[in-house]
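Asks: First the structure, then my questions, so here it is.
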Ligand SMILES: Cc1ncc(COP(=O)(O)O)c(C=O)c1O
């Protein structure tokens, strides 16, 4: 029996190395990676720029402390500020910590304005914000809350897409609205432009802060640097993680000067957050994502993936029920149970994908994929549906 906590339903498969969009197991068998360590490996595996940068940094300095100036952290923070709506950045090690910082920033903004009772955040059903006590309360998923005592107060939930329902929840204690522009774990649901713009308008009308969780959908995954750019809106706070480190644990909370101004010494902190090694890698990831043509490529591949999935849906209408997502955060709602289907793809067809809520198969390849990789994935998906069809036919014939 493993010595580890039994918190993950792990497969026995263990990988030894990776290269680009391919992973190789301990027997040398090749897998096509449409999973990306859950949207982390944006540049695939063993990207030469990331590897050489990390190796060089390892010879110099690994960790100091946030009580000293960390030049690579300053540089990454400034680059993110120059690129986005943000004026201030706090670095973390994970997505949940980035969301925690976002929640604390929003609440403290009102506290500092003399409105300490305004701490409530409106969030959405089907969302996922992490596994800390604060972020499971923000997500509101009963199965993640069960057994861990009373949920942290201060969150109200409603269905995404219904602006009137959001408006009805706004009260004197509301401080902000928290949403994933594309829900990942919940079922790969992209919010409409109208809904995102409506939320911005509601925040403006009621003096609330708009907090976006771009941990999964940000950093280029949808074909823009941030997914909210498709709606042409300016948020107040954005949480990012996953792709920002390309596989090195790193996250960040980005905010405007106005909301972040009260986060002074003593209000927040992290031992590791933004350490020299993490930020050196973060800068290398940013070099690649901001290189001319990179996001155009993601955009193009997102469109090609959408087109190929449509073809697949036409060929297998009994299996592919609905298309979901945006760019290279794509999903198909399928008829066969998604957990079994993910295992079948992995074990019989060497395609790595991942399930999401509502029986959706999530396809989140590295952003460097080519159309040939997409075609290969489609042929593996087709072969998996064919195999199910053949098994169903032979069971029917036998009975
Ligand atoms: C949208 C979103 N927010 C937050 C998180 C939590 O990130 P982490 O697991 O790095 O804490 C995740 C993780 O999957 C996520 O998808």
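Derivation of every value follows stated rules applied to the coordinates shown; laboratory data play no part. Quick caveat, the model's predicted, so the values are computed rather than measured. Glycine also receives a Cβ, built like all others from the backbone with ideal geometry; neighbour counts cover every protein chain displayed.
Asks: Relative to the longest principal axis of the chain, what angle (0 to 90°, nearest 10) does the C-alpha long axis of helix 193-206 take?
Replies: Around 20 degrees separate the two axes.
Asks: Now a separate question. What FRET efficiency comes out for residue 204 versus residue 133 if R0 is 30 angstrom and r is the Cβ-Cβ distance? Round to the nearest 0.05.
Replies: Working: r = 31 Å, r/R0 = 1.03.
Efficiency at R0 = 30 Å is approximately 0.45.
Asks: Multiplying the sequence separation of residue 257 and residue 321 by 0.36 nm and subtracting their Cα-Cα distance, what value in nm do you get? Intermediate values should be presented prior to the final figure.
Replies: Working: separation 64, 0.36 × 64 = 23.04 nm, distance 4.47 nm.
Residue separation times 0.36 nm, minus the Cα-Cα distance, leaves 18.6 nm.
Asks: In what sequence do 254, 50, 312 fall when counting other Cβ within 10 Å, fewest first?
Replies: On the way: 254 30, 50 23, 312 20.
Listed from fewest to most nearby Cβ atoms, that is 312, 50, 254.
Asks: Pop a pseudo-label 7 angstrom from the Cα along the beta-carbon direction at both residue 169 and residue 335 and give the gap in nm to one decimal.
Replies: In this crude label model, residue 169 to residue 335 measures out at 3.5 nm.
Asks: Sticking with this structure for a sec: Rounded to two decimals, what is the ratio between the C-alpha radius of gyration of the range 65-135 and 2.2 N^0.38 Å? Please report the intermediate quantities before stating the final value.
Replies: Numbers: Rg = 14.6 Å, N = 71, 2.2 N^0.38 = 11.1 Å.
Rg over 2.2 N^0.38 Å, computed on Cα atoms: 1.32.
Asks: To continue, here is another question. Which number do you get for Rg(Cα) / (2.2 N^0.38 Å) in the range 332-377?
Replies: Working: Rg = 11.0 Å, N = 46, 2.2 N^0.38 = 9.4 Å.
Rg over 2.2 N^0.38 Å, computed on Cα atoms: 1.16.
Asks: Restricting to DSSP H runs of at least four residues, report the calculated mean residue ellipticity at 222 nm for the chain, -39500 (n - 2.57) per run over all residues, nearest 500 deg cm²/dmol. Spell out each step's value before the answer.
Replies: Working: 13 runs with 158 residues, N = 399.
Value at 222 nm, helices only: -12500 deg cm²/dmol.
Asks: Any chance you could list P(r) for the chain, counting all Cα-Cα pairs in 10 angstrom bins from zero, rounded to whole %?
Replies: Reading upward from the zero bin: 5, 22, 31, 26, 12, 3, 1, 0.
Asks: Where the centre of each part is set by its Cα atoms, how far does the range 322-390 sit from the range 193-258, in angstrom?
Replies: Between the Cα centres of the range 322-390 and the range 193-258 lies a distance of 27 Å.
Asks: Within a 10 angstrom radius of the beta carbon, how do 1, 191, 323, 263 rank from fewest other beta carbons to most? Spell out each step's value before the answer.
Replies: Working: 1 4, 191 25, 323 16, 263 19.
Least crowded to most crowded, the residues run 1, 323, 263, 191.
Asks: What is the helix-to-structure angle for 371-398, meaning the angle in degrees between its Cα long axis and the longest Cα principal axis of the chain, kept from 0 to 90 and rounded to the nearest 10?
Replies: In the chain, helix 371-398 runs at an angle near 60 degrees to the longest axis.
Asks: Round to the nearest 0.05 the FRET efficiency obtained for residue 5 and residue 61 when R0 = 45 Å and r is the Cβ-Cβ distance.
Replies: Details: r = 32 Å, r/R0 = 0.72.
That gives a FRET efficiency of 0.90.
Asks: If you stretched the chain out fully between residue 393 and residue 264, how much longer would it get, using 0.36 nm times the residue separation minus the C-alpha to C-alpha distance?
Replies: Gain on stretching residue 393 to residue 264: 39.8 nm.
Asks: May I pose another question? Divide, for the range 1-64, the radius of gyration over alpha carbons by 2.2 N^0.38 Å, where N is the residue count.
Replies: Details: Rg = 15.0 Å, N = 64, 2.2 N^0.38 = 10.7 Å.
For the range 1-64, the normalised Cα radius of gyration is 1.40.
Asks: Continuing with this model, one more query. Quick one: angle between helix 338-349 and the longest Cα principal axis of the chain, in degrees between 0 and 90, rounded to 10, please.
Replies: For 338-349 against the chain, the angle is about 60 degrees.
Asks: Return 326, 201, 159 ranked ascending by Cβ neighbour count within 10 Å, so the fewest neighbours appear first. Intermediate results must be reported in sequence, preceding the final value.
Replies: Values: 326 22, 201 13, 159 10.
The most exposed by this proxy come first: 159, 201, 326.
Asks: Let me ask something else about it. Please list the radius of gyration and Dmax for the range 97-250, considering alpha-carbon atoms only, with Å as the unit.
Replies: Computed over the Cα atoms of the range 97-250, radius of gyration and Dmax are 14.6, 41 Å.
Asks: Express in nm, to one decimal, how much length is gained between residue 82 and residue 348 on full extension, taking 0.36 nm for each residue of separation and deducting their alpha carbon distance.
Replies: Working: separation 266, 0.36 × 266 = 95.76 nm, distance 4.60 nm.
Gain in length upon complete extension: 91.2 nm.
Asks: Moving on. Assuming a ≥ b ≥ c are the square roots of the Cα gyration tensor eigenvalues, decide whether the range 166-298 counts as rounded (a/c under 1.5), prolate (otherwise, with a/b larger than b/c) or oblate.
Replies: On the way: a/c = 2.15, a/b = 1.26, b/c = 1.71.
Oblate shape, in that a/c is at least 1.5 and b/c is the bigger or equal ratio.
Asks: If you take every DSSP beta bridge whose two residues both sit in the range 48-289, what share of them, in percent to the nearest 5, is antiparallel?
Replies: On the way: 11 of 26 bridges.
In the range 48-289, DSSP labels about 40 percent of beta bridges as antiparallel.
Asks: If r is the Cβ-Cβ distance from residue 232 to residue 38 and R0 is 22 Å, what FRET efficiency results, to the nearest 0.05?
Replies: Details: r = 28 Å, r/R0 = 1.28.
Computed FRET efficiency for residue 232 and residue 38 comes out at 0.20.
Asks: Here's something else I'd like to know. Just need log10 I(q)/I(0) for the range 1-151 at q = 0.09, 0.17, 0.21 Å⁻¹, Debye formula, equal scatterers on the alpha-carbon atoms, no solvent, rounded to two decimals.
Replies: Relative scattering, expressed as log10 I(q)/I(0), comes to -0.49, -1.32, -1.35.
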